[in-house]
Structures are given as structure tokens and as C-alpha cells.
1. Tell me, what is the percent relative contact order of chain B, built from C-alpha pairs under 8 Å that lie six or more residues apart?
2. Once phi is turned into θ = phi - 60°, what whole-Hz ³J(HN,Hα) does the Karplus curve with 6.51, -1.76 and 1.60 give for every residue of the stretch A:243-258, x standing for Gly and Pro?
3. Multiply the residue gap between B:D152 and B:F192 by 0.36 nm, knock off their C-alpha separation, and tell me the result in nm, one decimal place.
4. Say a paramagnetic label sat at a point 7 Å from the Cα of A:S3, along Cα to Cβ; which residues of the stretch A:240-255 have their backbone N under 17 Å from it?
5. List the residues, sorted by chain then number, that are 5 or more residues from B:R251 or on another chain and whose placed amide H is less than 5 Å from its amide H.
6. What does the helix-only formula give at 222 nm for the protein assembly as shown: each DSSP H stretch with n ≥ 4 adding -39500 (n - 2.57), the total divided by the residues, and the result rounded to the nearest 500 deg cm²/dmol?
7. In degrees from 0 to 90, rounded to the nearest 10, what is the angle of the helix B:130-146 Cα long axis to the longest principal axis of chain B?
8. For B:S332 and B:H199 in the same chain, what is the full-extension length gain: residue separation times 0.36 nm, less their Cα-Cα distance, in nm?
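Just so it is clear, none of the values below were taken in a lab; they were calculated from the coordinates. All figures in this text were calculated on a predicted structure; none of them were measured in a lab. Here the Cβ is made from the backbone with ideal geometry for all residues, glycine too, and neighbour counts use every protein chain on show.
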Amino acid sequence: MGSVISNGLTNGSIYAIVAFGFVLIYRNSGVMNFAHPQIGMIGAFLFFSLWVEQSWPYLLAAACGVGLSALVALASRQLLAPQEGNPLNMLLGTLGIGGVLTWYALDTWDANPQFVPRVAPGVTVEFWDLRFTGAALLVIGALVVVTVGAGLFYRYAKTGLALRSVANDPLAATYMGINVERMSSITWAASGALAGLAGVLVSPFINMDPFFMSLLFLRALTAALLAGMRSLPLTALAGICIGLVEAQLIRETNTPGLTELMLVIVIIAALLLRPQSLGRRTA
Amino acid sequence: MSITPPVTEEVDHEASVAAMPTSWWRPLIKPLILSAMLLWWAANMFGEDHAATAVDAAAVICTVCGLHLLIQWSGQVSLGHMAIVGIGGFATANLAVEQELPLPLALLLGGFCAMLATVAIGLPALRIRGFALAITTLAAATAVSAYLFRQDWLAGGSLGILVSNSNFFGFDSQEPTSFVVPALVVALIVMFITMKIGHSGVGNALRMVANDDEVAGSYGINVGTHKLAAFLFSGFVAGIGGGLMVLDLGRATPEMFPASESIVFVAAVLMGGAGSIRGPVIAAIALVAVPEFLDIGHYEELVGALGLLLAVRFVPEGINGQHEHMVERVASVKAKLRGASS
């Protein structure tokens, strides 16, 4: 039972961080960024090259990876900007960008899985029945920091307030002197950085190949949809719930793909019961 | 005394032409002759490699025709068609191996199995629309390839299913130079049916539903039936496409139908643009043939994604739109020339 909870919490935190990226962009402009997992994957691979192959210090390599993801997200947004008013075209366009990024990763770091050593290998924390490794603690800590930090940022910082007003009513925000274009760029960069962060943090737990973030994609998407694509704390909660349920499912059965099946049923049920959570944003 | 000339009845030529019963076979002559020429050429001129490419193209054309009807005419976006192609492929392989059905029958019934599987996504699609439907189909496709294609009863375990029978109406289905003829015939039939649907009242009703389903409903069109029917048709032809792929290779494995490759079909439909199926068929042929003929090696996997991206970003009206522009431009140049000469 202890391992189910600790594994579930760790994986769930990753799902939540990936889901934040979806929610941020959707809240800002009603766009679903389907290149999100691939953007994170590119950053994680740069981190891998720098840390493992070039043996740079961990923090510097991680910062470079996160930075690359933010830049790629920004570039994607600039490329697709003329279509930003049309969510469906944006979705298809980002799908294309994701395909191009996957191809680039396959071309540069072939399809063989790479092994990433765990950060802080000696550290484990045990309390009650739970046992967390250093890498797992880093993931959970990152989720807490991001959730609280984003909450404070949106509540108190000037840019955060501007972002919220753009999300509420872009036209009114323009009249108040807010640069909507710039806010959109900031959102995309932040979302890309979160994808990169998730990629860097999850890399020790999995075999890194160009498709590893796509595995997180469905889980993160479900978490974001369950939270109604709005609230970050709710998204975090949904992500952790999915992580826990998945950990329990894996312990009970070994049927492959059962988690995906469950998630699709949850997505369809969520969209059928609450169709207003998507598509009717600007009512 | 003046003689008035007898009043001859004025014959309205246009009206009489319209009233004349049009023979049903007359519009078929040109396409039939073209098809026969194409098939003769395919049967005799294709080398081994190019025949294999043509069979691939036939399978993709089948899928893309159905997806074009679904996306451009009925307004429902499916991003997970590879899952349906896969279900059709596995069903065809199972029917051919387990039930020992003749291959053409297995192909047809495989299409029907794929059609039935489409109901699972077509029914929720009656309430989930647009953007949300795109997300749902993508998620469903991921689940199908992660769960369904790993089940032994459908996918036959880790090795997949081997189809040893290769007699397709006397053609050898595992020999591309021979199979290219029946494959192209199937693709031509699918294109013809799709075209006919597009020109029929059903096609008009579909486009009306896509435009505004409330207005369509108030005109007495059953919105739900039409939306579901569009899904069923696209599922059927996608299943046929998958069956062609399986028969061509002689085996069915999960790796043949990766969910991420659905992007190629969507790319073909978007590059084709709204309107007739001419655009998407050209785009489908281009997406399959260009990597083969140009021999661009590992850039091959890039073509679908890049095509989708460029189509969305730079040419939202697609090949059909470009064709219209061209026709307009030619007409205006002609008019100018006529004006200058007179």
C-alpha cells in the first residue's frame, strides 16, 4: 500500500505539472497546445545531453533544458499567431509542430531509450509506511512550488493580474492598455517552461526515448479536463488522483493499456456531463 | 391583303435539353475510360517498388475519402483515424485466417467491423462537437492502440497475424505488381461513391449540418442520423483501407497502425481543402508518393507533420482553393485577351 501511495503521488505530480501547461494556454486564449508534450521532450533531451553526456552541473543543465522548451513554445506561438482566433486550426497546427519536433528528436537522439541516472541517489525519506527517493521528492516539491508560486503570481503580481484580465475579456484588457499579444507570448513561454520542467524531472523514472512525453500526454489532458481547464489547484488534485488510481490499477492487474482505456472513458464522461468546460469559453 | 407568315413555334432549346431524360451511363464514359487506362498502365508499367507505393496510396486514398467526408462535409474532426484503420486491418486478417473466408469477402466484412467500432466514438460525437471532439478522438485512438491492439483475441499476440492465403479474385495479394490492380479498383470505387454522396441530397444535408445544425434541424434534416452516418461511412472506408494494407503485407501487427500516424490522413484532408474530393486525393497521393519517388530517406516521417503545419499556417484553403484561384485567374486572362482582340 505504501508503494502505491508514494508512486502515485510522484507520477501524479508529474501529470499535474504537464497539465498546468495545457490549462495556462487554454485559459489565456482558448487554444489547446497539442505540441506541449513534444516541447517538453525537446527540453528534456537537451538536459540529458548536457548533464549526462557533457557532465555539466545538474542545475545549469536543467535550466538550459527548461529554457529551450520555453523558447520552442514561444517560437511555435509566433509561427501560428495568425490562426490564434481559430482554436481548431491552432490545435491542428500544434499537432503538426509536435510531429516535426518528434521527427527532430528521432533524427538527433535516435529511438533507443536512454538511461538517466537519479539525482541525489543516496537520499531517501521514510515516514509511516511511505518511502520517497530524492528524485521523487524533487518532483513533489516542484509541484508544490509551482502551484503556490503560480497562485501568488496570479493574485499579486502586476503581470499576473494582466494575464487574468486578458483571460476574462481580451477586448476590455486592450482598452486598459494591456498588450494582449505580449501576454499570450508570456503564457506560451511559461507553459513551455513547465513542459520542460516536467520532462527534466520525470527523466530519471523512465527510459528516455522521443515518445516518453506522449505517454504522459493523455493522463495530463484528463487531469486538465477534469479540472475544467481553469483552476491550477484543482488540476494538481486531479493529476494526483489519476496517479494514485493508476498506481493501484497497475498493482491489481497487468493488462496493458487498461489505464488509457479508463482515462478515455473519464474524458468522454467528463465532456458529456460538462460540455460547457470546453468550447463555450467565450459565452 | 397581306399574308402573315405562319407563326412557327419557337423552340426553347435549353428547356428541351433539360427535359430530355439524361442517360445514366453518359457521365460515366469519361471516368471509365480514364480508369481503364490507369489500370492498364498500373498492371503493365509499374515496377516492384512503384507498385507497392501505388497499393499504399490506394489504402490511404480510401481512408482519406472517408475522412474528407467526415471533416470537410459533416464538420466533425477526427484525429484518431489510424485506430479505425487498424481495427479494419485486424478484422480482415482475423476473418481471413480464423474463418478462412475468401479475401475479398474478408476485406468487405473487415470494413463492416471497423464501421461498427466507429459507433463507439460516433455516438458521443452527437453531443461532443468541434474542438472537444478532436480531443476525444485523439484520446480514444491512443487507448485503442494501447489496449485493444494488445489483446490476443484481436491482434494475435506479439507476432501479429499472418495471412497465408493470397488469392484475391485471382490476383496475388502479396505481390504488389499484381495486387495493384484490385487495390486501385477498390480506391476508385470508394472515390466514386464518396463523390456521388457529395453530389447527392445527403451531401447537401451534411454540409448544412456542418454549417449550423440548428438551422439544418429546422429544415427537417435529422441532424443526429446524418452525423452518425458520416462517422459510419468514414469508418467503413477506413476499415477497407486498413484491410488493403494488411492483405498487401500478408500480416497484421500493432506497429503497422501507430496512433500518431493519424496525422497523415488529417494532413491530406487539410491540404486538400474544403470542397470536392479532388484536392484530398491529390494530397494523399502526394504524401505517399513524394517520399518514395524523391528518395528522401529519413525525412520521410517528416512529410505528414510538416504538410499539416504548412497547410494550416499558410494555405488554409488547400489545393481545392488554389485550383479555384487558378481557374478564376485563367478566366480573367482569357476575358482580357478577348477584349484586346475585338
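1. Rounded, it is 28 percent for chain B.
2. Karplus values, whole Hz, x for Gly and Pro: x, 5, 4, 5, 4, 5, 4, 5, 6, 6, 10, 10, 6, x, x, 5.
3. 10.7 nm
4. Residues passing the 17 Å test: A:244-255.
5. B:V163
6. Rounded to the nearest 500, it is -23500 deg cm²/dmol.
7. 30 degrees
8. Numbers: separation 133, 0.36 × 133 = 47.88 nm, distance 2.75 nm.
Here the segment from B:S332 to B:H199 would lengthen by 45.1 nm.
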